[in-house]
Each structure stands twice: as structure tokens, then as C-alpha cells.
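The values are calculated or read from the model by the stated rules, or taken from the named source; none is laboratory data. Computed from a predicted structure; not experimentally measured. Cβ sites come from the backbone with ideal geometry, for glycine too, and all protein chains shown count toward neighbours.
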Amino acid sequence: MTSSATPSSLIEFRDVHKAFGAKRILQGLTMEVGRQEVFFIIGTSGVGKSVTIKHLIGLLRVDQGEIHFDGERIDNLSEKHFYPVRKRIGMVFQHATLFDSMSLRENVALPLRKHQGLGTKEALAKSDELLERVHMGNFAHSSPATLSDGMKKRAAIARTLAMEPQVVLFDEPTTGLDPVNARRIDRLIRELSDDLGVTSIVVSHDLPSIFGIADRITFIYQGKAYKSGTRQDFEQSGDPIVRQFISGNSHGPMETPGF
């Protein structure tokens, strides 16, 4: 990958460096994400996958390099000027972080009331629509405490969609889920791109997810984008480092079933 933008590029990382004390994590990361892509960032544990995406919403700041979003440089924005970016880039964290004291529809309605200024009735109606979008409409009145991890994850996605983001970041979305629920999450991520035009950036080491739904993939190794390409490029790669990563996972490529 080069650092120059293509017409379809939405996000660019240009020679990004990040260290925590003496530990250097990103050491010149350069990559591009296209519009409406399902884009996977892969690599071994501790290589900097989650660190990478946290830069996009200002949770971390680069030590060196640039990040561009929709033609605008964002790595140097002040906290105040980062707020509009956060409205356009949502994040689904590894843990759902829903409020057990609220029903699912109330959880999803919360950002609609707080950030979109909707009244309670209107926010709850929109919340019901979003829960239907993630195939959780039948559980709108349920408490998160009564639901499986996979169901909570889908509700968390609905809450993120409440802000109508252009980009959604997913941090290990299938970790800890059984295979059936993991594939449901995969299918949902794919739908967001195909049906809503959302750009999804997914941090994962789950091969069924990677080879099931990715449009393109970047493999981070030693702090850089070691290889970028389609899933077919990775499946057919003879590179020993890429092959070692793929063979080190216990599951191979598989189709994504329906709900």
C-alpha cells in the first residue's frame, strides 16, 4: 500500500508511529480504507490492532505520522474539534457495556436522547427500529442481564447505529462467542455495508470471520502493514509469515450462515 489516496479512500494512515514508554507498537503503519468496505485488521495478540483503531476516535494520539478521514487530517485535532468526528465514527467495544438497569430499547434510546435531542417517545420508537435492524426486535423489552453475549453484542451494535455513523469500528466482535452467534455477528457486519453503506473496520483474529466477510485485509506485523489485499490474496499467499498466522488458527475459511 502507498500513502497516496485513491478516489475511493475514506481513511488513510500515513507512516503512523505509537509507543507506550519504551514499547514501540506502531512503527510506520501506512494503510487505506475504502468507502463502504468491510475492512479487517489482523495480526497476532499485542501487535497493535486495537491501538490502531482507537486513534480514529481520539482515544489515542499518534506520536508521529498522519491520519486522514474523508479528506481531512484528524490526528492533530483538539478534543473539541474531535467531537464531530466521533459522531461520524462509532465504535463497538469487545464488551457490550449495556446498562442492566435498562431494557434494550432504553439502552439504545439513550444516545438518541442525549446526543440527537429526541424526546423519549420518539427515541424509543427509533430504538425499536434499530433493534429490528440487528434482528433483536423481539427482545426490546428484555434486560441485558437475561441475554446471551451474542445478543448483547447485537444490541450494542444497534446503540452504535443510533448516531447514524459513516464508519463503525469493531474491536474483536466475535471473541468469546459460540460459532453460531459469531457467524450472526459476521452476517450483521456484512449487512451494514451492503444495506446501509456503512464502512466497517474490524479488528479480529477469527479466520471464519476474516475469510467469510472481508472485502480487504491488512496484516500488521512488527508495527507495519506487512500485507494488504483481498481475502483471496491471503488465502492464496505463499508468504511464510502470512501462512504461519493462518495455520496458527484452529479454523479455516467457511461460509457465513443466516440468522
Suppose the filter is surrounded by fewer than 22 Cβ atoms within 10 Å (Cβ to Cβ) and either in a strand (DSSP E or B) or without any contact (Cβ under 8 Å) to a residue 12 or more places away in the chain (or both); does Ser237 pass it?
yes
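Take Lys80 and tell me if it is touching a residue at least 60 places away in the same chain (Cβ under 8 Å) and not in a strand (DSSP E or B). Reasoning before the result, please.
Numbers: touching a residue at least 60 places away in the same chain (Cβ under 8 Å): no; not in a strand (DSSP E or B): yes.
Here the answer is no, as Lys80 does not meet what is asked.
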Of the residues in region 66-110, those that are within 22 Å of Thr120 (Cβ to Cβ) and aliphatic (A, V, I, L, M) come to Leu98, Met102, Leu104, Val108, Ala109, Leu110
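Are any residues in region 151-161 in contact with a helix residue (DSSP H, G or I) (Cβ under 7 Å, 6 or more places away or on another chain) and either crowded, with 24+ Cβ neighbours inside 10 Å or closer than 13 Å to Leu98 by Cβ (or both), and if so, which ones?
Initial filter on region 151-161 (in contact with a helix residue (DSSP H, G or I) (Cβ under 7 Å, 6 or more places away or on another chain)): 151-155, 157-159, 161.
If the condition is that a residue be in contact with a helix residue (DSSP H, G or I) (Cβ under 7 Å, 6 or more places away or on another chain) and either crowded, with 24+ Cβ neighbours inside 10 Å or closer than 13 Å to Leu98 by Cβ (or both), then Met151, Lys152, Lys153, Arg154, Ala155, Ile157, Ala158, Arg159 are the ones that fit.
State all residues of region 107-125 that are touching a residue at least 12 places away in the same chain (Cβ under 8 Å), out of contact with any Ser or Thr (no Cβ under 6 Å at 6 or more places or on another chain) and under 28 Å from Ile53 (Cα atoms); if no residue qualifies, say none. Write out each step before concluding.
Residues of region 107-125 touching a residue at least 12 places away in the same chain (Cβ under 8 Å): 107-112, 115-116, 123-124.
From the residues that got through so far, the ones that are out of contact with any Ser or Thr (no Cβ under 6 Å at 6 or more places or on another chain) too are 107, 110-112, 115-116, 123-124.
Across region 107-125, the qualifying residues are Asn107, Leu110, Pro111, Leu112, His115, Gln116.
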Residues that are of a type outside the set (A, V, I, L, M) and surrounded by 20 or more Cβ atoms within 10 Å (Cβ to Cβ), drawn from region 191-204:
Thr199, Ser200, Ser204
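Residues that are among the β-branched types (Val, Ile, Thr) and at pLDDT below 95: does region 29-38 have at least one? Step through it out loud before you land on a result.
So in region 29-38, the residues among the β-branched types (Val, Ile, Thr) come out as 30, 33, 38.
Right, trim to at pLDDT below 95 and you get none.
No: region 29-38 contains no residue that is among the β-branched types (Val, Ile, Thr) and at pLDDT below 95.
If I go through region 160-205 residue by residue, how many of them are acidic (Asp, Glu), under 14 Å from the mean Cα position of the chain (by Cα) and assigned to a helix (DSSP H, G or I)?
Quick first cut of region 160-205, residues acidic (Asp, Glu) only: 164, 171-172, 178, 186, 191, 194-195.
From the residues that got through so far, the ones that are under 14 Å from the mean Cα position of the chain (by Cα) too are 171-172, 186, 191.
In the following step, the residues that additionally are assigned to a helix (DSSP H, G or I) were identified as 186, 191.
So the answer is 2.
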For Lys80, state whether it is modelled with pLDDT under 95 and more than 27 Å from Phe234 (Cα to Cα).
yes
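Inspect region 98-113 for any residue being small (Gly, Ala, Ser) and in a loop (DSSP other than H, G, I, E, B) and give the result as yes or no.
The answer is yes; a qualifying residue exists.
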With the requirement that a residue be crowded, with 16+ Cβ neighbours inside 10 Å, assigned to a helix (DSSP H, G or I) and in contact (Cβ under 8 Å) with a residue 40 or more places away in the chain, what does region 134-148 give you?
Pro144
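Of all residues in region 60-113, count the ones that are of a type in the set (D, E, K, R), at negative phi and in contact with a helix residue (DSSP H, G or I) (Cβ under 9 Å, 6 or more places away or on another chain).
Taking region 60-113 first, the residues of a type in the set (D, E, K, R) are 61, 63, 66, 70, 72-73, 75, 79-80, 86-88, 100, 105-106, 113.
Those left that are additionally at negative phi: 61, 63, 66, 72-73, 75, 79-80, 86-88, 100, 105-106, 113.
From what's left, in contact with a helix residue (DSSP H, G or I) (Cβ under 9 Å, 6 or more places away or on another chain): 61, 72, 75, 86, 100, 105-106, 113.
Adding up the residues that qualify gives 8.
Can you confirm whether Val92 is of a type in the set (Val, Ile, Thr), more than 20 Å from Glu32 (Cα to Cα) and in contact (Cβ under 8 Å) with a residue 24 or more places away in the chain?
Values: of a type in the set (Val, Ile, Thr): yes; more than 20 Å from Glu32 (Cα to Cα): yes; in contact (Cβ under 8 Å) with a residue 24 or more places away in the chain: yes.
Considered against the rule, which asks whether it is of a type in the set (Val, Ile, Thr), more than 20 Å from Glu32 (Cα to Cα) and in contact (Cβ under 8 Å) with a residue 24 or more places away in the chain, Val92 comes out as yes.
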